[in-house]
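Everything below concerns the one structure shown next.
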Amino acid sequence: MKVEIMDYCIRCGLCVEFYPTLFALNFVEDRIDVLPAAMQAEESVLRQVALDCAVGAISVKKGETK
Ligand code: SF4
């Protein structure tokens, strides 16, 4: 699965708090990093992760891992 954080992420930190093995706050770059484990996670988990983001900023797509 391909997981990306969209530019309109509001940096609320919810995804990092709920899924610390999948996402990390990058204070230096002021962004959310997608950790390697996110690419290996079950599709059902990733779909829930995407739904948990209040602004829909977590993109989950089938196919290439990046
Ligand atoms: S939950 Fe959504 S808006 Fe909040 S930090 Fe994560 S990607 Fe950004």
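Every read-out reported here was derived from the displayed coordinates using simple, explicitly stated rules and does not represent laboratory data. If you're wondering where the values come from, they're calculated on a predicted model, not measured in any experiment. Virtual Cβ from ideal backbone geometry, glycine too; neighbours counted across all protein chains shown.
Of Ser59, Ser44, the sequence from fewest to most neighbouring Cβ atoms within 10 angstrom is Ser44, Ser59. Simple rule: put +1 on each Lys or Arg Cβ and -1 on each Asp or Glu Cβ in the chain, find the dipole, and look at Cys9, Ala50, Gly63; the Cα lying farthest toward the positive end is Gly63.
Remark: the chain is approximated by an ellipsoid whose semi-axes, taken from the C-alpha gyration tensor as √(5λ), come to 17, 12, 11 Å, largest first.
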